[in-house]
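Only one structure is covered here, and it is reproduced in the block below.
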There are 2 protein chains.
Amino acid sequence: MRYELYYWTGIQGRGEFVRLALEDAGADYLDVARKRGDKAIMNYLDGMHDGALPFAPPFLKAGRLVIAQTGTILAYLGPRLGLVPGGEAAEFHAQQLQQTIGDVVMEAHDTHHPIAASQYYEEQRAPARKRAKVFREERLPKFLLYFESVIERGNGRQALSRHSYVDLSLFQLVSGLDYAFPYAMQRMRGRIPRLRALAERVADRPNIAAYLQSARRVAFNEQGIFRHYRALDPAS
Amino acid sequence: MRYELYYWTGIQGRGEFVRLALEDAGADYLDVARKRGDKAIMNYLDGMHDGALPFAPPFLKAGRLVIAQTGTILAYLGPRLGLVPGGEAAEFHAQQLQQTIGDVVMEAHDTHHPIAASQYYEEQRAPARKRAKVFREERLPKFLLYFESVIERGNGRQALSRHSYVDLSLFQLVSGLDYAFPYAMQRMRGRIPRLRALAERVADRPNIAAYLQSARRVAFNEQGIFRHYRALDPAS
């Protein structure tokens, strides 16, 4: 099947979690907005197509199905792309981990937009500094140490017992946080050796390595979810 | 099967979305923390049990499975409790709608805690007023009108074509927003007739009506996710 991925052009954003799964699996897919422009997304959001009405991108068209929400798209693609171990225990484990990754992503976004996604960062600098401090000191360590514990527990019983879309998403999470919060991530480095090793293994996978070198991988930037502002990640 | 639900005592919180599904289906379940205290939750978060490690409650124990994250729990329970129409199109549609409900819930929470969940509302009143204004004027209408459109499109093709866990969650969402933002919800009333009708139908379902009258339904309060603070929902 040829999948159609719909996500805004110009940023990695939440679409990147889906893109990494499609790329890693070598799936046949069309990155629709990059071909036809963001208008193709708007038509779906405006209800001009059959099937489920997405609230926001990313969404995936798979045959007649329209699937929105990153975690739901990956729950759909995982078994179909061989990106989750077999069995319901592993599938539900992968889903809950992906949701938790989604929660960190939301919180990383809100460090630069704590008041309104519809306003510029520059309009909310003061609360952004406060929220980013809490994120760096409390939330980021809590989430990353959680994932470190999950990998450590592994032992073949869990979703992370072999390669899965959760691995790809953890790679993306770590990459984004490294970009946005280099100093905070440097301070965490020694405490998350398993997560670091996992991210490196993912980066070395042939399809991922090729993708990261390609023009399809948009660079992190200050229109995306993971943004680097010095005020939000001071050196000490 | 006897399910075990783990969620903090004293509040409805995210656990309520799971509780409503179990109650509506007349499922056999134990609300563990209400029986044994919140310590029972902490033991899981501290990794003292087998199975998946939850990041936070709610989580559900179903036989040997431990499933965390509200949306994932409902994706698991839906087909087992007869709370989602058959077929993968309906299941994935339900999942994506539930994720979107989860997103509103997160945003409703952040109106009173825009800076730090770990600090009191009283410590973040000023940014809370700003974020709540954006929520009332932009986000709440956008989300509710989206759900209204989804119901309107229905026509038997979608998850909401017959009773599902999404209906129950929409009821809970509307109830929580009515509690937290009565004025803003009053202003929305005429624009969401289908969503209002759906919430009323859910409230009238025999098992739900009995549950809402029972002591098991904890009242909304200012320790929960949906909180009523006059400063965050002015009369005009």
If we ask which residues in the range A:122-150 are out of contact with any helix residue (DSSP H, G or I) (no Cβ under 8 Å at 6 or more places or on another chain) and away from every other protein chain (no Cβ under 11 Å), their number turns out to be 1
Keeping to the range B:46-60, report how many residues are surrounded by fewer than 21 Cβ atoms within 10 Å (Cβ to Cβ) and closer than 28 Å to residue B:96 by Cβ. 2
From B:196, B:217, B:227, B:201, residue being over 15 Å from the mean Cα position of the chain (by Cα) and surrounded by 14 or more Cβ atoms within 10 Å (Cβ to Cβ): B:196
Hey, does the range B:162-176 have a residue that's more than 29 Å from residue A:128 (Cβ to Cβ), among the hydroxyl-bearing types (Ser, Thr, Tyr) and within 12 Å of chain A (Cβ to nearest Cβ)? no
Counting only residues that are more than 13 Å from residue B:74 (Cα to Cα), over 14 Å from the mean Cα position of the chain (by Cα) and either in a helix (DSSP H, G or I) or outside the structural domain of residue B:165 (by TED's automatic domain parsing) (or both), the range B:92-119 contains a total of 3
Residue among B:41, B:73, B:67, B:11 that alone is among the aliphatic types (A, V, I, L, M) and out of contact with any helix residue (DSSP H, G or I) (no Cβ under 8 Å at 6 or more places or on another chain): B:11
Among the candidates B:59, B:55, single out the residue that is farther than 30 Å from residue B:235 by Cβ, without any contact (Cβ under 8 Å) to a residue 40 or more places away in the chain and among the aromatic types (Phe, Trp, Tyr). B:55
Any residue at all in the range A:29-42 that's crowded, with 23+ Cβ neighbours inside 10 Å, within 19 Å of the chain's Cα centre (by Cα) and touching a residue at least 12 places away in the same chain (Cβ under 8 Å)? no
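Assess whether residue B:122 counts as being over 20 Å from residue A:118 (Cβ atoms) and at pLDDT below 95.
Numbers: over 20 Å from residue A:118 (Cβ atoms): yes; at pLDDT below 95: no.
Taking the combined requirement at face value, the residue does not satisfy it.
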Just to be sure I understand, how many residues within the range A:63-103 are surrounded by fewer than 19 Cβ atoms within 10 Å (Cβ to Cβ), within 8 Å of chain B (Cβ to nearest Cβ) and of a type in the set (A, V, I, L, M)? 1
Would you check if residue A:24 is touching a strand residue (DSSP E or B) at 6+ places or on another chain (Cβ under 6 Å) and in contact (Cβ under 8 Å) with a residue 60 or more places away in the chain? no
Can you go through B:197, B:235 and tell me which one is small (Gly, Ala, Ser) and under 27 Å from residue B:127 (Cα atoms)? B:235
Could you go through the range B:193-207 and let me know if any residue there is within 13 Å of chain A (Cβ to nearest Cβ) and closer than 20 Å to residue B:71 by Cβ. no
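The values are calculated or read from the model by the stated rules, or taken from the named source; none is laboratory data. What you see is a predicted model, and the numbers here were worked out from it, not measured in a lab. Reconstructed Cβ throughout: ideal geometry from the backbone, glycine too, with neighbour counts over all protein chains shown.
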